[in-house]
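Structure, as C-alpha cells:
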Amino acid sequence: MVATGSDRHSTRTYYVSTPIYYVNDAPHLGHAYTTVAGDVLTRWHRQRGENVWFLTGTDEHGQKIMRTAAANGVTPKEWCDKLVEEAWRPLWAHLNIANDDFIRTTESRHTARVQEFIQDLHDKGEIYKGGYQGPYCVGCEEYKLPGELAEGDDGAQLCPIHRKPVEILKEENYFFKLSEYGPKLLEHYENHPDFIHPASARNEVVNFVKQGLQDLSVSRSTFDWGIKVPWDDKHVIYVWIDALLNYATAVGYGSDSAMFEETFPADVHLVGKDILRFHAIIWPAMLMANNLPLPGRIAANGWLLVGGEKMSKSNLTGIKPQGLTEHFGVDAYRWYFLRAIAFGQDGSFSWEDFTARYTSELANDYGNLASRLAAMVIKYFAGVLPKATAAGEAERVVQEGLANAVAAADRKIGEELDFAGGIAVVFDFIKQVNGYLTEQEPWKVAKDDSEEGRARLATILYTAADALRGCAVLLNPLMPQSSQELWNSLGADASLGVLAGQRIQDAGDWGRLPAGSEVTKGQALFPRLEDRTRA
Ligand code: MSP
C-alpha cells in the first residue's frame, strides 16, 4: 500500500499547500480565502511546535495566460512577472501570509523537473501518442465531457463554471493511461476515508471514478507557451500536469532528496471545489504511476458567491481584498470568511453581515473585554496583575471553559479543518468570560476596601486576564496582529516570552500568566467601525 501524508506527519514536516493561482488577473476574495485558510492551518500547527512547510505560488503556462498577455501586448513571461510582483506577492504580504516558499511554474527549478517526471512516465510506458477531439474550456484549461456542458440562451454549449462557450479542439496528443488507475484510486479512497474532505466532495469523486476514467491528454501542439515535452519538442506539456507537479518540485523533487524525503507528500492540499478532480484523481494517479507517495488529504473549500454566482474576474464580480481590509482591518478580514462560512460549503459575502459580526463579536465581545480588563487592572492595581487568592466555583467554571475551548479548537482547526467551528468555540468562551465579569461585578467589589474585598477583586481580574491570555494564544494563528497587541497589553511578552512560542497544547493550563505582569492599555483591538473609517 502507498504511504500517505497522514501516516507520518508526527515525525516529519507538516506540509500545507494552496493551489497555484493563474496570473491572468489580480487576486480577488475567492483566491485569498484559500490562502488565508492555509495560513491559519500552518500557523496553528507551528504553534503546536511542529515543523511546518507552507507553499503557495503561481501557475503561469497555458492558453489562458498566453491570450491575456497577447491582449495586453506583452509576452506571457512579461505579463506574469508584472502580475506576480505587483499584485500577488504584495497581497499575501498585506494579508500576513507566512508562506515558506512561493513557486512560479516558469522557474527552472520547476520546468526541468517536470520534464524529468514526464520523461520517467514515458519510459515506464505510461504515456502513448493518440488523437482526441472534444469541447474545451480555456477558462478551466480542461476538456469537458459532453454530459457536463450547460446550454446558453442561443443554444451554444457552455462551460458550467465559466458560462462561456466551449471550443472544439482536435489534436494529436500524448496521453497518460489514467483509465487504468480507477480501481487503485477507489481502493485508496476506501482505505483512507479522510483522503478527500469534506464527505460530500469525497462522494462526488468516488461516483465520478466509478463511472470509469478516460485517458488524459497531457500535451498540446497548437500553441507553445508551456514546458516542452522532452522527447518531442513540437509539444508542450498540458498546463495541469505542469501545475500539479509544483507540489513536488518546490520541495526538492529531483534536486534535494533530503528536503523531499522530509517534506513530501503534502499533509493537506487546500483546493477550491472546482479543481477537486485534478487533485483527487489525476494527481494521485500521476504519483502512483511514478511510485511516489500520496498526500494525506485533499480539502476542498466551497465558493464565495456574489449574487448567487461564483465570484470571479471573468464575471466582473471579483472583489479586491484591499477594499475590505481598508475598512475592517487585516485581522478582521482573515477572521470573517473563516468564521462566517462553514469550510467546504459555498457562502455569500455581504458587507452588512461583515459589519454586524465585526461589531458584535470583535468590537463588543472581544475588544471590549480586553480594554475593560486592562482599564480595571490599571485603575485598581496600578497596572500590576494581582494574585488570585480567593478562587471559588465561578473561577473553576472559567478555568474549565478555557481548557475545553483549547481542546475543541485544536481538534476542529488543527485536525478537522472546521475553521468556523473552531473559531466559534473561542468566541463562545469570550462570551463566557464577559458573562463572568457581568456576574461578578468587579466594579462593585472594588468599593469594598477590606482585605477580603481586595482579594476577591484580585481574583476576578486575574481570572479574566488569564482567560484572555489563553484567547491570545488561540487566536494568534488567525489574527496575529491583534493577538500580539493583546499579549503586549497583558505584559505577557515580558513575563511569558514571545507569543508565537506559546504552544497551543499548553494554552488551557490555568495560571500561566504570572501575577506581577505589567498590564497596559493599548489602542482598541477592534475599534468601532465609525471610528476606524474616520481615522
Ligand atoms: N491554476 C489553477 C490551480 C492549479 S493548482 C495545481 C487554478 N487557478 S485559479 O486561479 O483559477 O483558481 C485558484 C483557486 O481559487 C481555486 O481553488 C478556485 O477554487 C479558487 N477560487 C476562484 N474563485 C473562487 C471563489 N469565488 N470562491 C472560492 N474560491 C475560488 O484553478
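The values are calculated or read from the model by the stated rules, or taken from the named source; none is laboratory data. Keep in mind that this is a model prediction, so the values were computed, not measured. Using ideal geometry, Cβ is built from the backbone for each residue, glycine included, and neighbour counts are taken over all protein chains shown. Surface accessibility is based on the protein's heavy atoms, side chains included, excluding ligands, DNA and RNA. Shrake-Rupley method; radii C 1.70, N 1.55, O 1.52, S 1.80 Å.
Below are the figures for this structure:
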read-out	value
Centre separation in Å (Cα based) which lies between region 326-355 and region 145-180	34 Å
Under 5 Å, built H, 5+ apart or other chain: amide partners of Gly302	Gly344, Gln345
Diffusion constant of region 331-386 at 20 °C, which comes from Stokes-Einstein with the Kirkwood Cα-pair radius and 1.002 mPa s, µm²/s	161 µm²/s
Taking only Cα atoms of region 354-534, radius of gyration then Dmax in Å	15.7, 50
Pairwise Cα inverse-distance average, inverted: Kirkwood Rh of region 1-120 (Å)	15.9 Å
Contact order relative to length of the chain, as percent, for alpha carbon pairs under 8 angstrom and 6 or more apart	16 percent
For the chain: accessible area per residue (Å², 1.4 Å)	40 Å²
Value in Å of the Kirkwood radius, where region 71-113 supplies the Cα pairs that are averaged	11.9 Å
Protection proxy ranking, peptides 239-246, 140-147, average beta carbon neighbours within 10 Å, highest first	239-246, 140-147
Rounded Å value of the spacing that divides the Cα centres of region 356-384 and region 464-503	14 Å
Computed lengthening from Ala524 to Glu352, 0.36 nm per intervening residue step minus Cα-Cα distance	59.7 nm
Within the accessible area of the chain (1.4 Å probe), percent carbon and sulfur	49 percent
Ala112-Glu415 FRET efficiency (beta carbon distance; Förster radius 35 Å; 0.05 resolution)	0.40
Nearest-20 debye value, the chain charge dipole, Cβ charges on Lys, Arg, Asp, Glu	620 debye
Cα coordinate range in the chain, projected on the principal axes (Å, largest first)	91, 49, 38
FRET efficiency estimate (nearest 0.05) - Cβ-Cβ, Lys379 to Asp81, R0 51 angstrom	0.35
Kyte-Doolittle at least 0.0, axis length at least 20 Å by Cα - qualifying DSSP helices, the chain	393-409, 419-440, 451-475
Efficiency of FRET between Ala340 and Ala500 - r from beta-carbon atoms, R0 25 angstrom, step 0.05	0.45
Inter-label distance, nm, simple model (7 Å from Cα along the C-beta direction), Tyr132/Asp100	3.4 nm
Those Cys residues of the chain for which no other cysteine Cβ falls under 4.7 Å	Cys80, Cys471
Linear extension gain, Asp256 paired with Glu148, 0.36 nm per residue minus alpha-carbon span	34.7 nm
Potential extension, Ala407-Ser200 segment - 0.36 nm per residue separation minus Cα distance	71.9 nm
Accessible-area value, Lys431, 1.4 Å probe, nucleic acids and ligands omitted, Å²	110 Å²
